[in-house]
Amino acid sequence: MALEIEIKVKVPSLDPIREKLLANGAELIADQVEHDLYYNAPHRDFAVTDEALRIRYLTNQICGKAMPPNVIYKGPKVGREGFKSREELIVDLSSAEEYCTILERLGFRLTAEVVKHREMYQCENALVTLDTLPGIGTFSEIEASFDLSEDEAISVINKTAEMAGIFGERLTKSYLEILLDSRQT
C-alpha cells in the first residue's frame, strides 16, 4: 500500500514554473493528455466516503515512457492541512474500454471524465506536474516520493514549491471535485 502525499495549487501561468524547474535541473519525463474516467459504486457513494475509482488512459503523448491504461483506487483523504494524503492502489490494464464495460455491467456509474494536458518533471524526491484543464484553469502539483516518511515528504514538497515558485492556496480537492464544482456555478 502506497500513501500519496501531495499539494495542488491553482496558478495563473505555468511558464514561470516551467522555467524555474528547468533552470534548477528538473527533467521533463512526460508530456501527454490524460483522460481520467471516474466511477461511482452501486453499493456506496464515493462522494460521501471520500474515495475514488479512476480509469486513466493517455493520448497525444509527446515524450515519456509509454504507460498502459490503469485503474486506481484512492482512499479517503487524511493528513495535515494544505497537504493531500491518501492511500493509492494502481493496477495496469490491457484495455481501459473493456474494464469500463465490466464496471458498468457490475452496476458502477460513470460520474465524469477529467481531461488534462500534463507535463511531468522529476525533481529530487518529488514529481512536479504542470496541468492544464480546459475551461477550468492551470494547476501545479508536487508529489513526494512514496518511500519518504510523512515529515520527510512535507519537507521535500515545501522545498520543491519554493524552488519552483509554486505559491498560492493549497487545494485538497481532487480534479474531479474541482470539475464538478465548476459545473454547479
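Using a 7 Å offset from Cα along Cα-Cβ at residue 72, what residues in segment 112-129 end up with backbone N under 17 Å from the label point?
Once the point is set 7 Å along Cα→Cβ of residue 72, 112-123, 126-129 turn out to lie under 17 Å by backbone N, inside segment 112-129.
Using only alpha carbon pairs under 8 Å that are at least six residues apart, calculate the relative contact order of the chain and give it in whole percent.
Working: 381 pairs, mean separation 59.6, N = 185.
Relative contact order comes out at 32 percent.
Per residue, how much accessible surface does the chain expose to a 1.4 Å probe? Answer in Å², no decimals.
Values: 9730 Å² over 185 residues.
Dividing the accessible area of the chain by its residue count gives 53 Å².
Which Rg and Dmax, in Å, describe the Cα atoms of segment 1-105?
Answer for segment 1-105, Rg first and Dmax second: 16.4, 49 Å.
Considering the convex hull of the alpha carbon atoms of segment 26-88, report its projected area averaged over all viewing directions, in nm², one decimal.
Values: hull surface 23.7 nm².
Mean shadow area of the hull around the Cα atoms is 5.9 nm².
Based on the alpha-carbon gyration tensor of segment 54-151, what equivalent-ellipsoid semi-axes (square roots of 5 times the eigenvalues) come out, in whole Å, largest first? Before the final figure, lay out each step's value.
Values: eigenvalues 121, 69, 45 Å².
Result for segment 54-151: semi-axes of 25, 19, 15 Å.
Using a 1.4 Å probe on the protein heavy atoms, what percent of the accessible area of segment 72-185 belongs to carbon and sulfur?
Working: 3100 of 6090 Å².
With neighbouring chains kept in place, the figure for segment 72-185 is 51 percent.
If I histogram all Cα-Cα distances within the chain using bins 10 Å wide from 0, what percent of pairs lands in each bin?
Pair shares across the bins are 9, 35, 39, 15, 2.
With all protein chains present and a 1.4 Å probe, how do 28, 37, 110 order by accessible area, largest first? It would help to have the intermediate numbers written out before the result.
On the way: 28 65, 37 25, 110 90 Å².
Putting 28, 37, 110 in descending order of accessible area: 110, 28, 37.
Mind checking which of 25, 47, 120 is farthest towards the positive end of segment 1-145's charge dipole, using Cβ charges of +1 (Lys, Arg) and -1 (Asp, Glu) about the Cα centre?
Positive-end residue among those listed: 47.
Would you mind checking 116/159; 20/116; 20/159 for any pair whose Cα atoms are more than 18 angstrom apart?
Working: 116/159 26 Å; 20/116 22 Å; 20/159 13 Å.
As for pairs spanning more than 18 Å Cα to Cα, those are 116/159; 20/116.
The values are calculated or read from the model by the stated rules, or taken from the named source; none is laboratory data. This is a predicted model, so every value here is computed, not measured. FYI the Cβ positions are ideal-geometry reconstructions off the backbone, even for glycines, and counts take in every protein chain you see. We work out accessible area using only protein heavy atoms, side chains counted, and drop any ligands, DNA or RNA first. Shrake-Rupley method; radii C 1.70, N 1.55, O 1.52, S 1.80 Å.
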